[in-house]
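First comes the structure, then the notes that go with it.
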Amino acid sequence: MNPETIALALVIILGAYFIRGITGFGSGLISVPLLALIMPLQTVVPLILVLDFSASLLMSRNARADVIWQEIIPLLPTSLIGIVIGVTLLVNLPREPLLTGLALFVILFGLRYLLNIHGNRLVSKIWSIPTGLIGGLIGALFGTGGPPYVIYLTHRINEKSQLRATFSGLFMLDGSIRVITFIIMGLLGISLLPLIILSAPVMMLALYLGSRVHIGISNRQMLMLVGTLLLISGGSLLVKAWA
């Protein structure tokens, strides 16, 4: 990659993880479709996987007491199944139809938050089964497995700090499974190390800045911000798929 591409990639990572610092999620949703416009998807997905996993370790350490582990554990078994399926598809299937489907999903998810049409009703833990499967599958395919988990957990946890911490705890465990799977499948190799080394300080700075903003932002402002960014992210995915 030329220096201009690397610089643009670092700017995208800075913005994505700034939002992650505010909300506790969204880095993959924002960064993957934008980075995929300038880099191969097979490079983008493992790069963001490593950065997301590292970010989850940092954020979980700082808010460990707020993580609700009993909401995370039921998601993991089917998430593992979804990860195996997703990695297999990433290696073997053409990406254009999958990018289009994901883009539409992300756009709908963004509208859901931007228009504030989501409810607060508690959902049954039985929904953890399809949530884990879909989240693991999408996460392995595109590094953006957050939406199913966010939908589920926002209907299980009401307190903002606990919700944010639980996102990070889940992404830490889910990410560790994906890292192992990607290494086994040969998708995460030494060739990514220079880009990871360049990106890591940018990610950490963005998380710090975002965490400062998190202190003074309301729930509604947070949801509108995430919804807007998801619409932009989903639109960029459509451009990539149709190009």
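Descriptive notes on the structure:
- Per-residue Cβ neighbour rank within 10 angstrom, fewest leading, Trp127, Trp69: Trp69, Trp127
- Kyte-Doolittle at least -0.5, axis length at least 15 Å by Cα - qualifying DSSP helices, the chain: 3-23, 41-62, 76-92, 96-114, 128-142, 160-184, 193-214, 219-242
- Using a cutoff of 8 angstrom between alpha carbon atoms and counting only pairs six or more residues apart, the relative contact order for the range 3-242 works out to 42 percent.
- Helix-only arithmetic for the chain: the sum of -39500 (n - 2.57) across DSSP H runs with n ≥ 4, divided by the residue total, places the mean residue ellipticity at 222 nm at -26000 deg cm²/dmol.
- Ordering of 7-15, 184-192, 143-151, 74-82 by burial proxy (mean other Cβ atoms within 10 Å per residue, highest first): 143-151, 74-82, 7-15, 184-192
- Counting charges near Leu122 (Lys, Arg +1; Asp, Glu -1) among other residues having Cβ under 12 Å from its Cβ returns a value of +2.
- Binned Cα-Cα distances of the range 156-243, short to long, each 5 Å bin given as a whole percent: 2, 10, 11, 17, 20, 21, 13, 6, 1
- Protection proxy ranking, highest mean first, for peptides 105-117, 168-180: 168-180, 105-117, where packing is the per-residue count of other beta-carbon atoms within 10 Å, averaged.
- Electrostatic bookkeeping for Ile30 treats Lys and Arg as +1 and Asp and Glu as -1; over the other residues with beta carbon under 15 Å from its beta carbon, the sum is +1.
Taken together, the values in this text are just the output of simple stated rules run on the coordinates, not laboratory data. Small disclaimer: the values here were computed from a predicted structure and weren't measured. All Cβ positions, glycine included, derive from the backbone under ideal geometry; neighbour counts span all protein chains shown.
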